[in-house]
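The values are calculated or read from the model by the stated rules, or taken from the named source; none is laboratory data. The model shown is predicted, which means the values in this text are computed figures rather than measured ones. Note: ideal-geometry Cβ built from the backbone for every residue, glycine included; neighbour counts use all protein chains shown. Surface accessibility is based on the protein's heavy atoms, side chains included, excluding ligands, DNA and RNA. Shrake-Rupley method; radii C 1.70, N 1.55, O 1.52, S 1.80 Å.
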Amino acid sequence: MLKKTYYITTPIYYPSDKLHVGHSYTTVAADAMARFKRLLGYDVWFLTGTDEHGLKIQRSAENAGKTPQLFVDGIVAGIKNLWAAMDISYDDFIRTTEPRHKQVVQGIFDRLYRQGDIYKGRYEGWYCTPCESFWTARQVDGGNCPDCGRPVELVAEDGYFFRMSKYADRLLEHINNNPDFIQPPSRKNEMINNFLRPGLEDLCVSRATFDWGIQVPFDGKYVIYVWLDALSNYITALGYTKDETLFHKYWPADVHLMAKEIVRFHAIYWPIFLMALDLPLPKQIFGHGWLIMKEGKMSKSKGNVVDPMVLLERYSSDSLRYYLLREISFGQDGVFSNESMLQRINTDLANDLGNLLSRTMTMMERFFDGIVPAPADGKEEKSDQELRRLALEMPSRIEKLMDELQFNSALETLWALVRRSNKYIDENAPWLLAKKEEKRERLGTVLYNLCEALRFISILLLPYMPRTPRRIWSQLGIETMEDLHKWDSLQEWGLIKPGTKAQRKADLFPRLDIKKELASLLERKTEKEKTGEKTQAPAGKPKHVSIEEFARLEVRVGEIVSAEPVPKTDKLLKLEVNLGQEKRQVVAGIALHYTPQELIGKKVLFLANLKPAKIRGLLSEGMILAATDPAGKVVLTAVDGDVPAGSKIS
Ligand code: MSP
């Protein structure tokens with residue numbers, strides 16, 4: 001019989017920096033879902049990957065003093081290591097710099113142009129480089145990106161446009177007719193009210209001011225807009241236009257998983273591109289919430305990211321996976337903290353699950369020499385019945401919750417069985433039964449039922465904690481009995497054969513000393529920062545900087561093209577500086593030392609990758625380098641000779 005297929009994707013992440021635990025969150029959720037469906041017998045395709053083009057990556061590579069390709073190769077190797085360490089069972093990892101992707105994206109662009117969905121025009125508007133998104137003047141929020149709050153850049157360029165408006169009505173109809181298409185429902189309403197109802201503007205799908213991207217096939221001046229490039233990964237990875245069998249087997253996707261901030265691209269741009277290509281739409285776009293820190297969203301720019309590798313050095317990937325999936329209600333934001341993670345490990349894993357296994361195994365060894373006893377025939381007591389019934393209900397209850405991507409509720413439900421099993425031990429007090437010979441049969445039944453409950457729990461755990469079940473099976477003595485590990489075996493209670501040799505082994509999750517753990521996590525973080533594994537401003541003034549540290553500064557020759565005083569100040573000038581490929585606005589405190597007329601046409605040294613800031617409400621993106629003489633006079637640094645604006649200083 002042909003198996004039902006299931007295709008699930010994560011976003012393809014930007015390899016502009018190491019990934020953090022927020023990225024792990026989506027990937028672990030997708031992995032749990034993929035494993036769950038495989039357990040149920042589906043033919044699953046699970047795709048993840050990296051989104052490697054665009055200005056943001058190009059700038060990060062420049063800052064690191066590497067070519068973009070070399071730069072992303074290094075980061076992608078780290079990402080693959082991370083996924084291996086977290087037991088991510090992807091079937092394919094797509095990189096947008098691979099020929100199999102680039103060629104197909106060029107084919108898509110070409111087709112859309114030939115059929116008139118893409119046309120040439122002129123773009124004037126705002127662009128947020130960190131989000132790689134275009135915004136209209138109406139949408140930008142006081143010079144900042146409405147999504148991430150960082151400064152937007154003014155872009156004016158000829159380019160290629162996609163006729164979004166042509167498909168807007170069809171999309172709205174599709175959303176209304178398919179209530180599960182955008183989930184959770186709050187995201188659907190946001191899409192309709194904030195984007196579709198006000199009217200879709202045509203989208204600029206090319207960029208001309210940088211070259212790190214896929215070239216427009218018939219116009220080498222342009223690269224394809226990174227979101228058109230990136231979203232296509234979901235079909236290029238399946239061999240769209242190259243491998244019809246693979247493509248038709250899995251497309252349309254069952255679910256595209258992501259956090260809420262990129263639902264817009266997936267729920268509006270992507271379906272419209274697909275409509276233009278005459279392809280069926282994905283069945284569901286699910287936008288989960290953010291993992292936030294006490295001080296707000298985890299982000300590199302805030303410096304509050306959690307490196308999952310630091311956690312994986314101390315705790316098993318099963319523990320971290322459990323915490324991520326259990327702690328936060330999928331769909332909502334949730335706070336990440338080391339402390340809540342450690343508490344979960346101690347209470348749910350060490351106390352509830354770990355103790356259940358170790359208590360059962362200890363009693364099996366003590367009372368039955370580790371041999372699984374036979375349950376008494378037909379003499380079911382109330383507690384036996386409750387335990388068995390609860391266990392047998394689990395598969396359908398969990399399946400329903402998983403179909404709604406309610407990972408936390410699925411685990412909560414499963415823990416009801418873990419806790420019921422512990423309560424079953426307390427209710428039956430096997431240590432008292434063991435004291436009376438006439439209770440020997442009852443003692444056997446109780447321990448048998450506990451082994452069976454542990455078998456149920458272990459199978460149900462597989463999607464979330466792929467390593468722990470095998471450790472449980474090895475203690476129960478059923479490690480090689482594959483039939484007892486299958487989903488279908490959950491339809492029947494009592495499958496472990498009496499007489500099986502069980503063996504108590506190491507505790508699954510040793511109890512942690514939370515205070516000590518918190519201190520050592522802090523120490524590890526500081527150590528990483530000190531050794532430069534993570535960049536941070538060094539304390540005090542070091543005597544030397546390494547060449548790598550210097551290479552992080554992007555100093556360029558800048559030509560001042562306009563200068564004017566900032567109203568209501570006497571020290572500030574607003575300057576426009578030409579950097580060759582682009583112009584920057586900066587606010588400089590030099591009005592007492594230079595008149596605007598003196599400055600125009602001057603070539604100066606310019607720090608181009610200084611974090612943008614707002615000064616008196618004006619965006620300042622970079623810094624003009626200057627010397628200060630002993631009397632406090634500011635003198636601009638000059639360039640000796642005629643070098644084009646934008647030349648890099650090294
Ligand atoms: N490259 C684009 C996606 C293109 S998909 C065709 C991108 N990349 S990203 O590296 O910024 O990844 C964003 C995604 O990472 C989020 O949508 C989410 O899946 C995950 N997360 C990153 N930080 C997160 C949190 N703090 N919390 C939850 N998810 C997080 O956008």
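Quick look at the numbers
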{"read-out": "Near pairs, Cβ below 8 angstrom, 6+ apart or cross-chain, from the range 210-233 (among the basic types (Lys, Arg)) to any residue that is in a loop (DSSP other than H, G, I, E, B)", "value": "Lys221/Ala208"}
{"read-out": "Selection status of Gly54, buried (at least 22 other Cβ atoms within 10 Å of the Cβ), within 13 Å of the ligand (Cβ to nearest atom) and over 15 Å from the mean Cα position of the chain (by Cα)", "value": "yes"}
{"read-out": "Where a residue in the range 19-48 is free of Cβ contacts under 8 Å to residues at least 40 places away in the same chain and among the hydroxyl-bearing types (Ser, Thr, Tyr) and its partner, wherever it lies, is away from the ligand (no atom under 11 Å from the Cβ) and part of a strand (DSSP E or B), with Cβ under 6 Å and at least six apart", "value": "Tyr42/Tyr6"}
{"read-out": "Answer residue from the range 277-287, given it is in contact with a helix residue (DSSP H, G or I) (Cβ under 7 Å, 6 or more places away or on another chain) and either open to solvent by less than 10 Å² (accessible area, probe 1.4 Å) or assigned to a helix (DSSP H, G or I) (or both) and is farthest from the ligand (Cβ to nearest atom) among those", "value": "Leu277"}
{"read-out": "Long-range neighbours under 6 Å by Cβ, at least six apart or interchain, first residue assigned by TED's automatic domain parsing to the domain that holds Glu132 within the range 266-291, second within 11 Å of the ligand (Cβ to nearest atom) and of a type in the set (Asp, Glu)", "value": "Gly289/Asp333; Trp290/Asp333"}
{"read-out": "Test: residue in the range 413-427 that is closer than 30 Å to Phe181 by Cβ and touching a residue at least 40 places away in the same chain (Cβ under 8 Å)", "value": "yes"}
{"read-out": "Evaluation of Tyr13 against (1) touching a residue at least 60 places away in the same chain (Cβ under 8 Å); (2) open to solvent by 10 Å² or more (accessible area, probe 1.4 Å); (3) more than 8 Å from the ligand (Cβ to nearest atom) (one fails), failing number", "value": "(3)"}
{"read-out": "Within the range 300-342, considering residues that are within 11 Å of the ligand (Cβ to nearest atom) and closer than 23 Å to Ala77 by Cβ, the one surrounded by the fewest Cβ atoms within 10 Å (Cβ to Cβ)", "value": "Lys300"}
{"read-out": "Output for the range 101-118, where each listed residue is touching a Lys or Arg at 6+ places or on another chain (Cβ under 7 Å) and open to solvent by 30 Å² or more (accessible area, probe 1.4 Å)", "value": "none"}
{"read-out": "Qualifying residue in the range 28-38 (condition: open to solvent by 20 Å² or more (accessible area, probe 1.4 Å) and either in the same structural domain as Ala230 (by TED's automatic domain parsing) or away from the ligand (no atom under 14 Å from the Cβ) (or both))", "value": "yes"}
{"read-out": "Qualifying positions in the range 408-459 - open to solvent by less than 30 Å² (accessible area, probe 1.4 Å) and outside any helix (DSSP H, G or I)", "value": "Ala429"}
{"read-out": "Any hit, the range 143-151, residues being free of Cβ contacts under 8 Å to residues at least 40 places away in the same chain and buried (at least 18 other Cβ atoms within 10 Å of the Cβ)", "value": "yes"}
{"read-out": "Arg207, sole failed condition from (1) within 16 Å of the ligand (Cβ to nearest atom); (2) out of contact with any Leu (no Cβ under 9 Å at 6 or more places or on another chain)", "value": "(2)"}
{"read-out": "Qualifying positions in the range 235-267 - within 16 Å of the ligand (Cβ to nearest atom), open to solvent by 40 Å² or more (accessible area, probe 1.4 Å) and in contact with a strand residue (DSSP E or B) (Cβ under 7 Å, 6 or more places away or on another chain)", "value": "Lys260"}
{"read-out": "Single residue of the range 132-160 satisfying the filter (among the hydroxyl-bearing types (Ser, Thr, Tyr) and at pLDDT below 90) that is farthest from the ligand (Cβ to nearest atom)", "value": "Thr136"}
{"read-out": "Residues located in the range 288-299, provided they are surrounded by fewer than 22 Cβ atoms within 10 Å (Cβ to Cβ) and near the ligand (Cβ under 9 Å from one of its atoms)", "value": "Gly289, Trp290, Ile292, Met293, Lys297, Met298, Ser299"}
{"read-out": "Residue that is nearest to the chain's Cα centre (by Cα), among those in the range 39-51 that are of a type outside the set (A, V, I, L, M) and more than 11 Å from the ligand (Cβ to nearest atom)", "value": "Phe46"}
{"read-out": "Any pair with Cβ under 9 angstrom, 6 or more apart, that starts in the range 331-346 at a residue that is over 18 Å from Trp290 (Cα atoms) and assigned to a helix (DSSP H, G or I) and ends at one that is within 15 Å of the ligand (Cβ to nearest atom) and open to solvent by 10 Å² or more (accessible area, probe 1.4 Å)", "value": "Arg344/Glu327"}
{"read-out": "Counted residues, the range 103-131 - those being at pLDDT below 95 and among the small types (Gly, Ala, Ser)", "value": "2"}
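For every residue, the table says whether it meets (1) open to solvent by 40 Å² or more (accessible area, probe 1.4 Å); (2) of a type in the set (A, V, I, L, M, F, W, C).
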site: Gly199; (1), (2): no, no
site: Asp202; (1), (2): yes, no
site: Val205; (1), (2): no, yes
site: Gly213; (1), (2): no, no
site: Pro217; (1), (2): yes, no
site: Gly220; (1), (2): yes, no
site: Tyr225; (1), (2): no, no
site: Ala230; (1), (2): no, yes
site: Asn233; (1), (2): no, no
